[in-house]
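Visitor: The structure follows.
The values are calculated or read from the model by the stated rules, or taken from the named source; none is laboratory data. Values in this document were obtained by computation on a predicted structure and should not be read as measured data. Here the Cβ is made from the backbone with ideal geometry for all residues, glycine too, and neighbour counts use every protein chain on show. The accessibility values were calculated without ligands, DNA or RNA, using every heavy atom of the protein model including side chains. Shrake-Rupley method; radii C 1.70, N 1.55, O 1.52, S 1.80 Å.
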Amino acid sequence: MTQTQIPPKPSDEAEAGAAEKELYEGFSRFGLIPLWTEREGLMPMTPEPQAVPHIWHWGDLYPLAARAGDLVPVGRGGERRAIAVSNPGLPGLPYATPTLWAAIQYLGPNEVAPAHRHSQNAFRFVLEGEGVWTVVDGDPVAMRRGDLLLTPGWQFHGHHNPHPRPMAWLDGLDIPFVSATDTGFFEFGEDGVSDRSTPHRSRSERVWGHPGLRPVSATEQDTPNSPLAAYRWEHTDAALAAQLEVAAEGHPGVLEPGHAAVRFTNPTTGSDALTTLRTEMHRIAAGQRTAPVRETGSSVWQVFDGSGVISLNGTRTDVVRGDVIAVPSWCEVSIEAGTDLDLFRFSDAPVFERLNLARREYS
Ligand code: GTQ
Ligand code: FE2
């Protein structure tokens, strides 16, 4: 046993300085850091994100993805021709925000992205084009403009493009969150995709895709992620249009004047479609402006149709179809619709709501 050294009480300032230095050296030697030197950074009065508000324009993203399509093969190992947006406040990291991955993925004619599975939750949102099928646990799911396709954690998935035209889409995943929490697992599947058939509707939609109708065969057990693999644009569009119509008739139904919104949900629970990711579609009528709001947690928006101006912590930027916008925690957001404006949004809200860390403040 070694004797613990108790420093003598310093009798003057020089001795105090020397004793203090020894104290901090002791902290460092034994892997300790005191709160008092770190308090402001560790426990700010309000969130101080390293991530910054940022916009990537589709006009820059798409040509680079197409160029990657010419130069970079897709196959086992790299797995996907996916190019992530990298937040300038998180330099060198392929992260849109500290919790969210957003990437443009590009698949050329006759290309196959091999099957794999991972604990990370994923979705695809289709800005334009069609002709790719994503095969989720053996169920082929067609991808078309405006559709949201889910790949919940640990389900095998591969993509193939049997059509003569390339296709690109937006991927959203919780990769940064899973990485930060050391909860990532990954497995390769078969080299191609199991089922190359090209049905218009997946089996999951045929069983689960009827509003308000739950298959009685599946009433015993709720699933944490949605069993519905595809949320089709025709339904999303109809829901948004109807909200605005009902509001115009003088009844409630919209989020705020001229602003319709729907959330994609898990039909077994009514909660978010994926456990870690909230997914929504918003429609703002031309000339309307959303109330400025800040929220904890971060989000990524993509303009689906139309154009407008997004204000992030007071800085206004024009946005058009396809633009991708990163909104860090507690960043004030307001959106003005120039034309009628449709926006897809995803966020990490389900995580923070469950942890009682969700806050929202209207300015
Ligand atoms: O399509 O399976 O953007 O596994 C990142 C990781 C897409 C995918 C990404 C992935 C995928
Ligand atoms: Fe994947």
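Visitor: What percentages make up the Cα-Cα pair-distance distribution of region 11-56 when the bins are 5 Å wide from 0?
Guide: Result returned by the calculation: 5, 16, 14, 15, 14, 11, 9, 7, 5, 3, 2, 1, 0.
Visitor: May I ask you to derive the relative contact order of region 17-144, considering only C-alpha pairs under 8 Å and at least 6 residues apart, and to give it as an integer percent?
Guide: Details: 106 pairs, mean separation 20.8, N = 128.
It rounds to 16 percent for region 17-144.
Visitor: Another question, then. To the nearest 10 Å², what's I33's accessible area with a 1.4 Å probe?
Guide: Per-residue accessible area (I33): approximately 130 Å².
Visitor: Using the basic label-point model (7 angstrom from Cα toward the beta carbon), what is the R321 to A241 distance in nanometres?
Guide: It works out to 1.7 nm between the two label points.
Visitor: Compute the length gained on full extension between V72 and E128: take 0.36 nm times their separation in residues and subtract their Cα-Cα distance, giving the result in nm to one decimal. Spell out each step's value before the answer.
Guide: Values: separation 56, 0.36 × 56 = 20.16 nm, distance 2.18 nm.
Gain on stretching V72 to E128: 18.0 nm.
Visitor: Mind grabbing the accessible area of Y362 for me, 1.4 Å probe, Å², rounded to tens?
Guide: Roll a 1.4 Å probe over it and Y362 shows about 140 Å².
Visitor: OK, next. Arrange the peptides 269-275, 298-304 so that the one whose residues have, on average, the most other Cβ atoms within 10 Å appears first. Display every interim value, and only then the final one.
Guide: On the way: 269-275: 18.9, 298-304: 24.3.
Packing proxy ranking, top to bottom: 298-304, 269-275.
Visitor: For the pair N313/A18, report the inter-label distance in nm, with labels modelled 7 Å from Cα in the Cβ direction.
Guide: Taking the two extended label points, one gets 4.7 nm.
Visitor: Relative contact order of the chain, please, whole-number percent, based on alpha carbon pairs below 8 angstrom and at least 6 residues apart. Mind dumping the intermediate values first?
Guide: Values: 809 pairs, mean separation 55.5, N = 363.
Relative contact order for the chain comes out at 15 percent.
Visitor: Kindly write out, for region 24-34 in residue order, the coupling ³J(HN,Hα) from the Karplus curve 6.51 cos²θ - 1.76 cosθ + 1.60 (θ = phi - 60°), rounded to whole Hz, with x marking Gly and Pro.
Guide: Going residue by residue, I get 5, 5, x, 4, 5, 4, 9, x, 10, 9, x Hz, with x marking Gly and Pro.
Visitor: Once you order the gyration tensor axes a ≥ b ≥ c over the Cα atoms, which shape class does region 48-124 get: rounded for a/c under 1.5, otherwise prolate or oblate by comparing a/b with b/c?
Guide: Working: a/c = 2.56, a/b = 1.47, b/c = 1.74.
Taking the square roots of the gyration eigenvalues as a ≥ b ≥ c, region 48-124 is oblate.
Visitor: Based on the mean of other beta carbon atoms within 10 Å per residue, what is the order of 65-74, 18-27, 124-133, most packed first? All intermediate terms of the calculation are to be shown ahead of the outcome.
Guide: On the way: 65-74: 14.4, 18-27: 11.9, 124-133: 20.5.
In decreasing order of mean packing, 65-74, 18-27, 124-133 become 124-133, 65-74, 18-27.
Visitor: Work out, step by step, the length gained on full extension between E234 and A358: first 0.36 nm times the residue separation, then minus their alpha carbon distance; give nm to one decimal. Kindly include the intermediate steps, with their values, before the conclusion.
Guide: Working: separation 124, 0.36 × 124 = 44.64 nm, distance 3.16 nm.
Contour length minus Cα-Cα distance gives 41.5 nm.
Visitor: Report the full-extension gain for the segment T46 to Y62: residue separation times 0.36 nm, less the Cα-Cα distance, to one decimal in nm.
Guide: Working: separation 16, 0.36 × 16 = 5.76 nm, distance 3.65 nm.
Contour length minus Cα-Cα distance gives 2.1 nm.
Visitor: Quick one: what are the phi-derived ³J(HN,Hα) couplings along region 221-234, Karplus 6.51/-1.76/1.60 with θ = phi - 60°, whole Hz, x for glycine and proline?
Guide: Per-residue couplings from phi come out as 10, 6, 10, x, 9, 5, x, 8, 7, 9, 10, 8, 4, 4 Hz.
Visitor: Report the relative contact order of region 279-351, percent, no decimals, based on alpha-carbon pairs under 8 angstrom and at least 6 residues apart. Walk me through the numbers before you get to the answer.
Guide: On the way: 191 pairs, mean separation 35.6, N = 73.
In percent, rounded to a whole number, it is 49.
Visitor: Now a separate question. How big is region 178-226 along each principal axis, measuring the range of its Cα positions in Å and listing the largest first?
Guide: 37, 31, 16
Visitor: May I ask for the Rg/Rh ratio of the chain, computed from Cα atoms with Rh as the Kirkwood radius, given to two decimals? The partial results should precede the final answer.
Guide: Details: Rg = 24.3 Å, Rh = 22.6 Å.
Using Cα coordinates only, the ratio equals 1.07.
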